[in-house]
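S.K.: First the structure, which I've put down as structure tokens, then a few questions once you've had a look.
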Amino acid sequence: MTFPDALSRRDAIVLAALSAAATAIGPRLAHADAAAVEAEIKKLYADKKLGSGRVKIDVPQIAENGLVVPINVEVESPMTEQDFVKAVHVYADGNPLPGVVSFAFTPACGKAAASSRMRLAQTQNIIAVAEMSDGSLFTSKVEVKVTIGGCGG
Amino acid sequence: MSNKPVPRVRVPANAKKDELIEIKTLISHEMESGQRRDSAGKVIPRRIINTFTAEFDGKTVFEATWHPAISANPYQSFFYKAVKSGEFTFKWKDDDGSVYESKAKIQVA
């Protein structure tokens with residue numbers, strides 16, 4: 001088998017390798033994106049305005065193991081019967097599915113903060129949306145760099 | 001799942017009135033995401049614990065809805081303002097319909 005020049009031969013090899021890789025890991029490449037996260041938020045709150053601030057997402061800047069990434073979300077609130085945080089929804093824009101966790105708080109909590117551990121498939125943004133008892137919404141976003149993805153296995 | 005999930009909960013036994021306490025919980029569970037494939041290329045069906053609920057004397061105080069992105073052996077912590085003595089009931093709801101339960105008492109002085 002001959003090739004007209006070296007370049008096209010290399011191209012052919014690269015193409016073959018790429019298509020092989022695509023068939024092998026194709027299904028795993030289906031990831032959510034920022035639009036999918038927005039769609040999830042719209043499902044809950046339609047086009048309501050999202051304010052910034054008040055929501056603090058605490059995650060490691062760099063996660064060595066994407067299978068277990070700690071996340072703590074805290075929302076500024078007096079947590080009284082009149083003024084409390086009703087819910088916090090956490091999303092990841094680079095996972096196969098955008099949803100991570102939703103917390104439902106009550107004034108009995110005294111503090112609107114909760115921690116979980118999540119799986120992250122790759123480096124991506126974590127988005128949190130907090131719903132206050134008066135219906136107002138606040139959001140915050142933070143990036144986590146993932147060294148080894150926690151997707152599939 | 002080979003073993004029955006075992007919940008572990010840390011609640012302080014005593015608290016002062018109006019003290020803010022942190023409650024930490026952990027349960028053993030594989031949290032099969034439904035995204036993985038077995039060696040034959042077949043999708044392994046999703047099986048996770050989808051809801052965690054904390055009740056105090058029968059009233060829900062905190063709830064978490066978990067998606068497949070939650071790690072295996074899920075950890076959950078949250079806060080509670082100790083107002084009176086009573087008992088917490090923690091419930092984990094599995095996709096297969098099972099509910100795992102754990103209880104803890106607190107004495108408020």
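The values are calculated or read from the model by the stated rules, or taken from the named source; none is laboratory data. All of these numbers come straight from a predicted model, not from anything done at the bench. Cβ sites come from the backbone with ideal geometry, for glycine too, and all protein chains shown count toward neighbours. Note: accessible area is taken over every heavy atom of the protein model, side chains too, but ligands, DNA and RNA are not part of it. Shrake-Rupley method; radii C 1.70, N 1.55, O 1.52, S 1.80 Å.
S.K.: Please report the accessible area of A:His31 (heavy atoms, 1.4 Å probe, ligands and nucleic acids excluded) in Å², nearest 10.
M.R.: The accessible area of A:His31 comes to roughly 60 Å².
S.K.: Out of residues 5 or more away from B:Met31 or on other chains, whose amide H comes under 5 Å of its own, with H placed 1.01 Å from N in the peptide plane?
M.R.: Residues meeting the criterion, in which the H sits 1.01 Å from N, are B:Ile49, B:Asn73.
S.K.: When only alpha-carbon atoms count, how far does the range A:49-95 stretch along each of its three principal axes, as whole angstroms with the largest first?
M.R.: Extents along the principal axes, in whole Å: 41, 21, 15.
S.K.: Given a 1.4 Å probe and heavy atoms of the protein chains only, how would you sort B:Ile70, A:Ile62, largest accessible area at the top?
M.R.: Largest accessible area first, the list is A:Ile62, B:Ile70.
S.K.: Something else: Out of all DSSP beta bridges in the range A:56-153, what portion is antiparallel? Express it as a percent rounded to 5.
M.R.: On the way: 30 of 33 bridges.
Antiparallel bridges make up about 90 percent of those DSSP assigns within the range A:56-153.
S.K.: Follow-up question, since we're still on this one. Apply the a/c threshold of 1.5 to the C-alpha gyration tensor of the protein assembly as shown and tell me whether it is rounded, prolate or oblate.
M.R.: prolate
S.K.: Here's a follow-up. Would you please report the Å³ per residue occupied by the convex hull of the alpha carbon atoms in the range B:41-96?
M.R.: So the per-residue Cα hull volume is 86 Å³.
S.K.: Treating only the Cα positions of chain B as identical point scatterers, give the base-10 log of I(q)/I(0) from the Debye formula at each q in 0.13 Å⁻¹.
M.R.: Computed log10 I(q)/I(0) values: -0.52.
S.K.: Can you grab the distance from the C-alpha centre of the range A:90-106 to the C-alpha centre of the range B:7-35, Å, no decimals?
M.R.: Spelled out, the Cα-based centre of one part sits 19 Å from the other.
S.K.: So, one more: At a 10 angstrom cut-off on C-beta neighbours, averaged per residue, how do the peptides B:34-47, B:8-21 rank from highest to lowest? Provide the component values of the computation, followed by the final result.
M.R.: Values: B:34-47: 11.7, B:8-21: 13.7.
Ranked from most to least packed, the peptides come out as B:8-21, B:34-47.
S.K.: Cross-link candidates for B:Lys4: which lysines have Cα within less than 29 Å, leaving aside residues fewer than 8 places away along the same chain?
M.R.: Straight-distance partners of B:Lys4: B:Lys24, B:Lys42, B:Lys59, B:Lys91, B:Lys93, B:Lys103, B:Lys105.
S.K.: Find out how many positive minus negative residues lie around B:Ala72, taking Lys and Arg as positive, Asp and Glu as negative, among other residues whose Cβ is under 12 Å from that of B:Ala72.
M.R.: Net of charged neighbours comes to +2.
S.K.: As a test of the formula, what do you get for the protein assembly as shown when each DSSP H run with n ≥ 4 contributes -39,500 (n - 2.57) and the sum is divided by the residue count, at 222 nm and rounded to the nearest 500 deg cm²/dmol?
M.R.: For the protein assembly as shown, the value works out to -4000 deg cm²/dmol.
S.K.: Shifting gears a bit: Can you bin the range A:31-148 into rounded, prolate or oblate? Criterion: square roots of the alpha carbon gyration tensor eigenvalues sorted a ≥ b ≥ c, rounded for a/c under 1.5, prolate for a/b above b/c, oblate for the rest. Can you show the working numbers first?
M.R.: Working: a/c = 2.39, a/b = 1.49, b/c = 1.60.
The shape class here is oblate.
S.K.: With a cut-off of 13 Å, note down the residues of the range B:55-99 whose backbone N falls inside the zone around a label point 7 Å from the Cα of B:Arg8 toward its beta carbon.
M.R.: B:73-76
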